[in-house]
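Notes follow once the structure below has been shown.
The values are calculated or read from the model by the stated rules, or taken from the named source; none is laboratory data. What you see is a predicted model, and the numbers here were worked out from it, not measured in a lab. Cβ coordinates were reconstructed from backbone atoms using ideal geometry, including for glycine residues, and neighbour counts include every protein chain displayed.
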Protein chains: 2
Amino acid sequence: MDSIDKLMRSPVSFLADAGPDEDIAISSRIRLARNLAGRPFPDAASDEVLHEICDKVGAAASESGALGCPGCFSFVPELMGELDREILFERRLASRDFLNRKCGTRLLVRSDESSSIMVNEEDHLRMQTLKPGFQLKAVWEAINQLDDELSNRLEYAFDEKLGYLTSCPTNVGTGMRASVMLHLPGLVLSGLIGATIQGVNKLNLAVRGISGEGSDNRGNLFQISNQSTLGQSEMQIIDRLESVIVQIIEHEKLSRRKLLERDKYGFFDWVGRSYGILRYSYKLTGEEALNALSGLRTGVDLHMFTKVNVRMVNELFRSIAPAHLQKQAGRELSPVERDITRATLCREKLAGR
Amino acid sequence: MDSIDKLMRSPVSFLADAGPDEDIAISSRIRLARNLAGRPFPDAASDEVLHEICDKVGAAASESGALGCPGCFSFVPELMGELDREILFERRLASRDFLNRKCGTRLLVRSDESSSIMVNEEDHLRMQTLKPGFQLKAVWEAINQLDDELSNRLEYAFDEKLGYLTSCPTNVGTGMRASVMLHLPGLVLSGLIGATIQGVNKLNLAVRGISGEGSDNRGNLFQISNQSTLGQSEMQIIDRLESVIVQIIEHEKLSRRKLLERDKYGFFDWVGRSYGILRYSYKLTGEEALNALSGLRTGVDLHMFTKVNVRMVNELFRSIAPAHLQKQAGRELSPVERDITRATLCREKLAGR
């Protein structure tokens, strides 16, 4: 089993690289659900079968060189401590459902964290690929290649008429969920986010907050994804999602322009105070930090700060999460200790220390 | 008539100099009420008499060299514009009552603003002397000398039994009000200020906010002064006031120590955020600015900032007042414009520009 510490020290391509439209689109992600033919879905499978599936997927990844294996990370979540499991969640490599399973799980992760596979989540395989900015097609090419490499060595449960078979009927067909994480402070500040979400929902696309929950808009971050997986090809789904996201990005840009026209100082004030809080506070809750990082990121987009770049914001964003703070401190922290540690981290990072 | 602009450009000793206990005591002030013998009090006097009194006091000041006259400032408030009058109020050189009088007022001010005389406020003369920090005895010596210089040339209304006669009976006797402006964030933050004020009131001393109003505690600033002027000598009144203020200063120091012991990061957080707001906001109301300046001053006391000193805080404190902002801008400003101008001033001052 690889160590979480090694993972945390390893460079993360998604955070470091610049992507298209990175001022508004944080990242693009696609995940595919796959199951092995002739094997019960994880919820119905015996421990023996679950372990067999782990071994098969691990071998396929290793032999094919997918995920850069054998140089990839391989975790057995059920053998890991709670804090280490939470790190995987905070890094968006694993779902809480997956991490709570008691037996027969495996997580394979490319060393730069751009691709990963959960083995025996709801389906035998849940693979994902992540890239910075707005580039779903490039993400699709990468995950399609990963899927091809694995499918040469694994026999998937596939129906000529239905497509890929999955544990939950909502994933049958392509088994694909494509999503883009958007930073939408302009729409939030001008009170247009509600109407935007309603409009997106009407197009049968889902809008979620950063932690995957529906009502969570901390940090003004919103994840837009397809809901249906059946009856359309992958490229059709991606095209449709892309065209909606292009529009949302335009709306966000327009909102920011209008805010700057109507109340430049009010907008600057929010950005400036966000920086001030991150740079000088000594106690910082997670929610306040996320909202301040949203202001900071907006200021970076407006070229208001010479010493802060998007990469720093992305790294702070990740490192202020509770498990990351505790792992960094080397021990469990009380909520108050976390707020103090979070503030210290932000202060020092922005002071250039 | 001297110009307000010249006054504003002239160095102010009270802001620049360091005084005893200046971390908690901002300034010490004494004012004396005096009236000329054989003349009705201003409220009962004709315009002719009021002008005669102005001339007499002006001549006495000029001939005696008190206030550094003829090199002192001489203002005729009823001939000044509203903004210029408000500047005199914000600089604590004149009361609103005085500035609202329609006829026969005169304001004489030493060029460093350490001493001044309102002619024809409620009494014919209201002279004041101000020094930085906690030094009532030195203030007393200075104002006593000023009073002596004037009394050589003016015949005061004086009764052997009652002492100095004044328009309002509450000032009869010494005609003296001595006060110290204290910065008490420790007592406010630890919730002890209410009990402190109650205790002080029971000793027949008054507690007021910075603008002289009772319930105003903006900036955590409190002015403690004697209420009674009769039946005690000036030195007895000052001794008694001093002994109470020594105790309040001790309580404040203890409160700060306890806050640092019990919740160091909470205390630092308040200070840090105060600085962050002043350094990076783009819209700042007067009240928020005063409270943030209180945090900044506390941080200076704690040696948390290397580039900020008490003098800068004092100067900011004065220059963010509405009339000063507008005078600096050279025109009337709407409330929103004031908030923007105030934030700009604080940002630039703290950025060292």
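Of the residues making up segment B:317-330, those that are surrounded by fewer than 17 Cβ atoms within 10 Å (Cβ to Cβ), over 28 Å from B:THR298 (Cα atoms) and in contact with a helix residue (DSSP H, G or I) (Cβ under 9 Å, 6 or more places away or on another chain) number 1.
I'd like to know if segment B:27-34 contains one or more residues that are surrounded by fewer than 15 Cβ atoms within 10 Å (Cβ to Cβ) and of a type in the set (Gly, Ala, Ser).
Our first condition is that a residue be surrounded by fewer than 15 Cβ atoms within 10 Å (Cβ to Cβ); within segment B:27-34, this holds for none.
No: zero hits.
When segment B:273-311 is filtered for residues that are in contact (Cβ under 8 Å) with a residue 24 or more places away in the chain, among the charged types (D, E, K, R) and within 11 Å of chain A (Cβ to nearest Cβ), the ones remaining, listed by number, are B:ARG279, B:LYS283.
Quick check on my filter: what residues within segment B:145-162 are assigned to a loop (DSSP other than H, G, I, E, B) and within 12 Å of B:ASN35 (Cα to Cα)?
To start, the set of residues in segment B:145-162 that are assigned to a loop (DSSP other than H, G, I, E, B) comprises B:152-155, B:157, B:160-162.
Of everything in segment B:145-162, those that are assigned to a loop (DSSP other than H, G, I, E, B) and within 12 Å of B:ASN35 (Cα to Cα) turn out to be B:LEU154, B:GLU155, B:ALA157.
From the list A:SER334, A:SER274, the one residue that fits, being of a type in the set (S, T, N, Q), under 16 Å from B:TYR280 (Cα atoms) and over 21 Å from the mean Cα position of the chain (by Cα), is A:SER274.
Which is of a type in the set (Ser, Thr, Tyr) and at pLDDT 95 or above, of B:SER228, B:SER179?
Values: B:SER228 fails: at pLDDT 95 or above.
Being of a type in the set (Ser, Thr, Tyr) and at pLDDT 95 or above holds for just one of B:SER228, B:SER179, which is B:SER179.
Can you list the helices (runs of 4 or more DSSP H) lying wholly within segment A:1-76 that have 1 or more residues being within 19 Å of A:SER151 (Cα to Cα) and of a type in the set (S, T, N, Q)?
In segment A:1-76, the matching helices (runs of 4 or more DSSP H) lie at A:47-64.
The conditions are (1) over 20 Å from A:CYS346 (Cβ atoms); (2) more than 10 Å from chain A (Cβ to nearest Cβ), and B:LEU350 fails exactly one of them. Which is it? Of the numbered conditions (1) over 20 Å from A:CYS346 (Cβ atoms); (2) more than 10 Å from chain A (Cβ to nearest Cβ), the odd one out for B:LEU350 is (1). Here B:THR341, B:THR298 are screened, and the one residue that is farther than 17 Å from B:LEU184 by Cα and either crowded, with 16+ Cβ neighbours inside 10 Å or in contact with a Leu (Cβ under 7 Å, 6 or more places away or on another chain) (or both) is B:THR341.
Please find, among B:ALA18, B:ALA33, B:ALA45, the residue that is under 28 Å from B:GLU82 (Cα atoms), in contact with a strand residue (DSSP E or B) (Cβ under 9 Å, 6 or more places away or on another chain) and not basic (Lys, Arg). Spell out the reasoning first.
Details: B:ALA18 fails: under 28 Å from B:GLU82 (Cα atoms); B:ALA45 fails: in contact with a strand residue (DSSP E or B) (Cβ under 9 Å, 6 or more places away or on another chain).
None of the others qualify; the one that does is B:ALA33.
Among the candidates A:SER319, A:SER243, A:SER274, A:SER233, which residue alone is under 19 Å from A:LEU189 (Cβ atoms) and of a type in the set (Ser, Thr, Tyr)?
On the way: A:SER319 fails: under 19 Å from A:LEU189 (Cβ atoms); A:SER243 fails: under 19 Å from A:LEU189 (Cβ atoms); A:SER233 fails: under 19 Å from A:LEU189 (Cβ atoms).
So the residue among A:SER319, A:SER243, A:SER274, A:SER233 that is under 19 Å from A:LEU189 (Cβ atoms) and of a type in the set (Ser, Thr, Tyr) is A:SER274.
Give me the residue from segment A:231-245 that is part of a helix (DSSP H, G or I) and surrounded by 15 or more Cβ atoms within 10 Å (Cβ to Cβ) and, out of that set, nearest to the other protein chains (Cβ to nearest Cβ). Walk me through it before giving the result.
So the first thing to find is which residues in segment A:231-245 are part of a helix (DSSP H, G or I), and the list is A:234-245.
Checking which are surrounded by 15 or more Cβ atoms within 10 Å (Cβ to Cβ) leaves us with A:234, A:237-238, A:240-242, A:244-245.
Numbers: A:GLU234: 46, A:ILE237: 43, A:ILE238: 41, A:ARG240: 40, A:LEU241: 37, A:GLU242: 36, A:VAL244: 34, A:ILE245: 31 Å.
Applying the filter and picking the extreme gives A:ILE245.
Scan segment A:41-52 and tell me whether some residue there is in contact with a Phe, Trp or Tyr (Cβ under 8 Å, 6 or more places away or on another chain) and farther than 30 Å from A:GLU252 by Cβ.
no
Going through (1) surrounded by 15 or more Cβ atoms within 10 Å (Cβ to Cβ); (2) in a helix (DSSP H, G or I); (3) among the acidic types (Asp, Glu) one by one, A:ASP112 falls short only on (2).
Would you mention how many residues in segment A:163-188 are in contact with a strand residue (DSSP E or B) (Cβ under 7 Å, 6 or more places away or on another chain) and part of a helix (DSSP H, G or I)?
So in segment A:163-188, the residues in contact with a strand residue (DSSP E or B) (Cβ under 7 Å, 6 or more places away or on another chain) come out as A:163-166, A:171-184.
After this cut, where a residue has to be part of a helix (DSSP H, G or I) as well, the list is A:171.
The number of residues fulfilling the criteria is 1.
Sub-6 Å Cβ pairs linking a first residue in segment B:246-272 that is away from every other protein chain (no Cβ under 14 Å) to a second residue that is of a type in the set (A, V, I, L, M, F, W, C) and surrounded by 18 or more Cβ atoms within 10 Å (Cβ to Cβ), at least 6 apart or interchain, are B:ILE249/B:ILE24; B:GLU252/B:ILE24; B:GLU252/B:LEU184; B:GLU252/B:LEU187; B:SER255/B:LEU187, ordered by first then second residue. When B:ARG218, B:ARG257 are checked against the criterion of being surrounded by fewer than 17 Cβ atoms within 10 Å (Cβ to Cβ) and under 27 Å from A:LEU284 (Cβ atoms), B:ARG257 stands alone in meeting it. Within segment A:301-326, the residues that satisfy the criterion of being at pLDDT 95 or above and over 17 Å from the mean Cα position of the chain (by Cα) are A:LEU325, A:GLN326.
Could you name every one of the helices (runs of 4 or more DSSP H) located completely within segment B:255-353 that has at least 1 residues being over 22 Å from B:LEU93 (Cα atoms)? I'd like the intermediate steps shown before the answer.
Working: elements: B:286-301, B:310-319, B:322-329, B:335-350.
Passing ranges, in order: B:286-301, B:335-350.
For A:ASN226, the conditions (1) buried (at least 21 other Cβ atoms within 10 Å of the Cβ); (2) in contact with a Lys or Arg (Cβ under 8 Å, 6 or more places away or on another chain); (3) without any contact (Cβ under 8 Å) to a residue 60 or more places away in the chain; (4) within 14 Å of chain B (Cβ to nearest Cβ) are fulfilled apart from (4).
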